Amino acid sequence: LASYNYDVTPKETQIVPYNDELPNLAKQFLVVKSIKGLSEKTLYGYRKRLEIFFFVIKKQPEQVKRTDIELFLYWYKQNRSVTDRSLDKVLDCLKSFFNWMYECEYIDRDPARPIESIKYSKPVQSVLTEEELEIVRRSCKTLKEKALVEFFFSTGCRVAEVAHMKISDVDFGEKTVKIFGKGKKHR
């Protein structure tokens, strides 16, 4: 056995101070998510949530335990004054990150897996009544405004989808429009 090219050192168990930079595994996770096609807005949200998480807990990803995540969620809710829906988005980000670490075998156990999603009430979407729609129609001053109101009401498109629509997306013969919308999907 040749060991002259190696140094043997005792195992170190001292605490390693956490620097304020996003850990490399978190950066790698964001690169993977980017390659999978997540939008810039979603990636930005993931990055900000992970930066806050690691800044607060001051641990490397491999050292994080379930209680760290739970205490962070409690801290986040108290200090950031967010809704349960927003807090659930933070948890979803952490679950995605730690699941990715587990799947890539960076960790033996996913600390976020046993944490249940945060319950929140979803507001009921209200639909305009015929009377309300007629009031909106009558308030339109131009033909363009009237056309936009009718288009939105009949299609249910999002404002961003209509804003990015091109004349080439409209098939006047078939009376259809091809919309490229949320999730990079055509409908």
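Observations on the model:
- Considered as a group, the residues in region 149-160 that are open to solvent by 70 Å² or more (accessible area, probe 1.4 Å) and assigned to a helix (DSSP H, G or I) include one that is nearest to VAL177 (Cα to Cα), and that residue is SER154.
- Within region 65-103, being in contact (Cβ under 8 Å) with a residue 12 or more places away in the chain and of a type in the set (S, T, N, Q) holds for THR83, SER96, ASN99.
- Within region 27-60, if we keep just the residues that are farther than 20 Å from ARG113 by Cβ and hydrophobic (A, V, I, L, M, F, W, C), the residue that is surrounded by the fewest Cβ atoms within 10 Å (Cβ to Cβ) turns out to be ILE35.
- Annotation note: of CYS140, CYS104, the sole residue that is out of contact with any Asp or Glu (no Cβ under 8 Å at 6 or more places or on another chain) and under 23 Å from SER34 (Cα atoms) is CYS104.
- Residue within region 81-100 that is open to solvent by 90 Å² or more (accessible area, probe 1.4 Å), at pLDDT below 95 and more than 21 Å from LYS182 (Cβ to Cβ) present: yes
- Among the candidates LYS141, LYS119, the residue that is surrounded by fewer than 11 Cβ atoms within 10 Å (Cβ to Cβ), in a loop (DSSP other than H, G, I, E, B) and under 19 Å from the mean Cα position of the chain (by Cα) is uniquely LYS119.
- Region 61-70, residues that are loosely packed, with under 14 Cβ neighbours inside 10 Å and either at positive phi or touching a Phe, Trp or Tyr at 6+ places or on another chain (Cβ under 8 Å) (or both): GLU62
The values are calculated or read from the model by the stated rules, or taken from the named source; none is laboratory data. Quantities reported herein were computed from a predicted structural model and do not represent experimental measurements. Quick reminder, even Gly has a Cβ in these numbers, built from the backbone with ideal geometry, and neighbours come from all protein chains shown. Accessible surface areas use protein heavy atoms only, side chains included; no ligands, DNA or RNA. Shrake-Rupley method; radii C 1.70, N 1.55, O 1.52, S 1.80 Å.
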